[in-house]
Amino acid sequence: METDAAQPEQLTPVAPPAERWRDPVAGHVGALLLTVLSTSYVGALHWAAFSSGLDTAAIDATSARFWLGGLVFSLPVLAILGSHELGHYLACRYYDVDATLPWFLPAPLPLTGTLGAFIRLREPIPHARALFDIAVAGPLAGFVVAVPLLIVGVAASKVVPVPADGGGLILGDPLLFQFVERAVWGVIPDDQALYVHPMGLAAWFGLLATALNLFPFGQLDGGHITYALFGERARWLSMATLAGTLALAAASLSWAAWTVMLLAMTALQGVGHPPTGDDIQPLGRTRLALAVAAALVFVLSFTPRPIEPMDIVDDEPPTSVRNQP
């Protein structure tokens, strides 16, 4: 049975009514421009290495061509991250839940140049349906944008011999990446690997970010979805996810930072989820179908070993390789 979602004691805006939905734009624009700069620089390194066949002497960071090449990576990355956050934001607008504009996070990371993006909610969620819709809108929107970029990026990639010196990085292939790669390139011999085009690398990062957000833990997107579905029982799934992440970190060091982040979230917020104004509101069949779709997106986007140095991979070499420029 549905209950009245209007519960003033829980839905009183955090900000005064006159300030709702008012968000200074300058800070968001500045963060976006810095992220364009950081991702373009990293993308330019990817592009220069890809286009020059790893001839590092040919990389000239002062040339316009260098920076224009970086846009082949940065624009797809920002499109995926931006559409993800825009999905959340528009769902918040639909339910009149006050939220900030997207914040982009520039970072001097050698593979991506960014830590992603986020929005911050400034009001409680009115009911379980709103929580579900706001949570699921981001990953699905980002995934829809990532798929065509992945197809084009994989098609623009090239097959190269596996480096004999063991240098470079192995990128673990999500299932969707494997499907697209097989459809475009067929079976790649064991002594060769797919050298991923910067656009394909951007899509790979977008899939990884989508999978991370869909972890059914705490207040991640996946945690919001599972709480809307299962209520307080979702905390058990959060604890199982934390245990599984610890196991992943034991198998691959590339999960170490993510594990530390989840442990920090556990220390600060616990594994539970704050209640909405109406937790018992039924979701309906359409949302259950979207939950299944979100689970499928997670499966297609997840990889158990995202990034590994090539010289420590002791089994059959994966098919995607990116060498350091």
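None of the figures in this text is laboratory data; all of them are computed from the coordinates on show. Small disclaimer: the values here were computed from a predicted structure and weren't measured. FYI the Cβ positions are ideal-geometry reconstructions off the backbone, even for glycines, and counts take in every protein chain you see.
For the reader, a short list of remarks on this structure follows.
- Neighbour-count order for Leu214, Leu290, fewest beta carbons within 10 angstrom listed first: Leu290, Leu214
- Distance between the pseudo-spin-label points of Ala240 and Leu34 (7 Å out from Cα toward the beta carbon): 4.0 nm.
- Taken about its Cα centre, the stretch 117-236 carries a charge dipole of about 440 debye when Lys and Arg each add +1 at the Cβ and Asp and Glu each add -1 at the Cβ.
- Pairwise FRET efficiency - Ala64 versus Thr259, Cβ, R0 = 41 Å, nearest 0.05: 0.50
- If the chain linking Leu105 and Arg120 were pulled fully straight, counting 0.36 nm for each residue of separation and taking away their Cα-Cα distance, it would gain 4.1 nm.
- Spin-label model, Trp185/Arg285: points 7 Å from Cα along the beta carbon direction are separated by 4.3 nm.
- For the stretch 149-267, the spread of Cα positions along each principal axis, largest first, Å: 50, 29, 21
- Shown for Asp221, Asp173: other C-beta atoms within 10 Å of each C-beta, ranked fewest to most, produce the order Asp173, Asp221.
- For the stretch 268-277, backbone phi angles converted through the Karplus equation (6.51, -1.76, 1.60; θ = phi - 60°) give residue-by-residue couplings of 8, 10, x, 9, x, 9, x, x, 8, x Hz, Gly and Pro being listed as x.
- When each of the peptides 270-277, 248-255, 125-132, 68-75 is scored by the mean number of other C-beta atoms lying within 10 Å of its residues, the order from highest to lowest reads 125-132, 68-75, 270-277, 248-255.
- Viscosity 0.692 mPa s, 37 °C: Kirkwood-radius Stokes-Einstein D of the stretch 92-134 over Cα pairs, µm²/s: 273 µm²/s
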